[in-house]
Amino acid sequence: MAEQRLEPILNPVDLAKSLSGQHFIDGALVPARSGECFDVFNPATQKVMGQAAKGNADDVDAAVKSAAAAQKEWKKRPARERGKLIADCGLVLAAHADELARLIALETGKALRTESRVETGVLADAFTFYGGLGSELKGETVPFNPSMLTVTLREPLGVVGAIIPWNVPLMLMALKIAPALVAGNTVVVKSAEEAPLTVLRVCQLMNQILPKGCFNILSGYGPECGAPLVEHPEIAKITFTGSVETGKIVNRTAAERLIPVTLELGGKSPMIIMADADLDRAVAGAVSGMRFTRQGQSCTASSRIFVHDSLHDAFVSALTEKVNAMTMGDPLDDGTDIGCIISPEQLEKVKGYIDLGKNTANAVAHECSALPTDPALQDGLFVRPVIFTGLTNQDRICREEIFGPVTCVIRFKDYDEVIAMANDSDFGLAATIWTKDLKTAMDATQRLEAGFVQVNQNLVVQPNLSYGGIKQSGMGREASLEAMLEYFTEKKTVIINMT
Ligand code: NAI
Ligand code: MG
């Protein structure tokens, strides 16, 4: 443990420079074995804000070896003691929340007030939550035979490989590494190419508390650095969040190695607004559910909004008005509601879908808010949110994940028809229904095919609630006590013959 605690560095430009060109391996910032780096861009200006170490199989091997060595001691510590250290990390991360929020805003273009501070709050909260669960790693006693005491033990898996994306990297990393560590595993994280720096700062902060080697972070490209992590013989489990396509690649390699995998993939989540819904609340729910403040860059985004015929026009005008009133601008400005898209590739993808939507029969594109006028942001990756009407659930833009600020409002008349449309999707991550009728609410929660169903609200992921999808949205669950037990431990059966 470092004797002197790190002080917050509130200037994100300086902080980014201080973290540039490094992995975090065996308790220290180190450059890539190859000496190579790649640029990290501020998406609000497209100017270079730092470098990331370009990881390859050699770096992966060094990180996994460090984690494997550390795990031998880490797993022997009493579970509550491990939990206490993770909870202490939560306190340190909370004390540095503003610093981390500023850096993640600079790195990802997510607005400070509406998104980045919220994310750093969840980061600290996830550590606090899991820190309290050490002694919940309980097994069972089994009434097998009166002369044989039979119990199950929850044991750690070993070294966990975690591959994370750029949209909410701090929150997603926390929901993987906090439970993995409390359960007695050690971790190697592969960060996303677009957001490799803030996660490094989290490492530096945690390093003041946890033994070296318990957690390691590598930056690098997917095929060069992510793939060797999945292939490494000492990796005992992979937990991945990202695209369906990459998730399948990861799953194939893991299947060959016979190691468990958790996959949190995309979504095309339906929101249903029944005729009896409270319109104002439903509109506010659509704004938060669609994650307009995150430029729609969310796997949970409510990107298909089914509205009853009788409310459709009023809903569309109220939603358009609300999104129009949001301010797009400098992510680091407290007055900004909506920041920018992460990368030129993602912006191209989003614009491609907007064009596709505009060229679809009967589509009307309601473009909202206004692009920033600040000359400093003229090269920024900004796009106006679009609310489409007139589309059908069969149109491509209602079926494929856009991962941008684009939602489709689809008119319906009949309840059974809308449930069928909501379920007619390759994905099954989240679903929402707005109604005042208890019977409809109960029925819909049973019929909607999704891992997370909400009635009359749109909460984001919570550390203590199981989260994950069905169908192409993934497999396994994250967050919650159950996720720690089921996805970060192995169950061992022990029989003691007492005769
Ligand atoms: P991606 O799935 O390619 O990247 C996610 C992570 O996987 C990154 O760390 C990446 O380096 C790593 N990776 C890439 N190829 C790999 C490989 N062969 N082996 C191991 N790791 C590998 O997603 P990307 O390219 O950032 O975004 C593409 C689309 O994916 C987005 O437009 C969006 O639709 C979706 N997406 C979904 C997310 C979610 O939260 N479920 C998060 C990010 C993207
Ligand atoms: Mg990719």
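The values are calculated or read from the model by the stated rules, or taken from the named source; none is laboratory data. Note that the structure is a prediction, hence the values are computed from the model and not measured. In this analysis, Cβ positions are derived from the backbone assuming ideal geometry, glycine residues included, and neighbour counts consider all displayed protein chains. For accessibility, only protein heavy atoms count, side chains too; no ligands or nucleic acids. Shrake-Rupley method; radii C 1.70, N 1.55, O 1.52, S 1.80 Å.
Of all helices (runs of 4 or more DSSP H) completely enclosed by the stretch 70-177, which ones contain at least 2 residues that are more than 16 Å from ligand 2 (Cβ to nearest atom) and within 20 Å of Glu486 (Cα to Cα)? Reasoning before the result, please.
Numbers: elements: 79-95, 97-108, 117-131.
Qualifying helices (runs of 4 or more DSSP H): 79-95, 117-131.
Ile217 passes all but one of (1) assigned to a loop (DSSP other than H, G, I, E, B); (2) open to solvent by less than 30 Å² (accessible area, probe 1.4 Å); (3) under 23 Å from Val160 (Cβ atoms); (4) of a type outside the set (Ser, Thr, Tyr); which number fails? All conditions pass for Ile217, except number (1).
What residue, among those in the stretch 381-401 that are closer than 25 Å to Arg447 by Cα and in contact (Cβ under 8 Å) with a residue 60 or more places away in the chain, is farthest from the chain's Cα centre (by Cα)? Among those residues, the one meeting the criterion is Asn393. For beta carbons closer than 9 Å, sequence separation of 6+ or different chains, a first residue in the stretch 346-373 that is aromatic (Phe, Trp, Tyr) and a second that is open to solvent by 80 Å² or more (accessible area, probe 1.4 Å), the qualifying pairs are Tyr353/Arg396.
Taking Glu99 as the residue in question, decide whether it is surrounded by 24 or more Cβ atoms within 10 Å (Cβ to Cβ), closer than 30 Å to Asp333 by Cα and under 24 Å from the mean Cα position of the chain (by Cα).
When the stated conditions are applied, Glu99 does not pass them.
If you check Gly247, Gly222 for being open to solvent by 10 Å² or more (accessible area, probe 1.4 Å) and within 16 Å of ligand 2 (Cβ to nearest atom), only one passes: Gly222.
Anything in the stretch 292-333 that is assigned to a loop (DSSP other than H, G, I, E, B) and either over 19 Å from the mean Cα position of the chain (by Cα) or without any contact (Cβ under 8 Å) to a residue 40 or more places away in the chain (or both)? List them, or say none. Passing the criteria: Ala325, Met326, Thr327, Gly329, Asp330, Pro331, Leu332, Asp333. Scanning the stretch 188-219 for residues that are within 12 Å of ligand 2 (Cβ to nearest atom) and in contact with a Pro (Cβ under 6 Å, 6 or more places away or on another chain) returns a single hit, Ala192. Applying the condition of being in a helix (DSSP H, G or I), touching a residue at least 60 places away in the same chain (Cβ under 8 Å) and outside the structural domain of Tyr487 (by TED's automatic domain parsing) to the stretch 236-284 and asking which residue is farthest from ligand 1 (Cβ to nearest atom) yields Arg281. Evaluation of Arg117 against the conditions (1) open to solvent by 60 Å² or more (accessible area, probe 1.4 Å); (2) in contact with a Ser or Thr (Cβ under 8 Å, 6 or more places away or on another chain); (3) free of Cβ contacts under 8 Å to residues at least 40 places away in the same chain shows that the sole unmet condition is (2). Considering Ala28, Ala53, Ala70, the condition of being in the same structural domain as Glu99 (by TED's automatic domain parsing), under 20 Å from Cys225 (Cα atoms) and touching a Gly at 6+ places or on another chain (Cβ under 7 Å) is satisfied by Ala53 alone.
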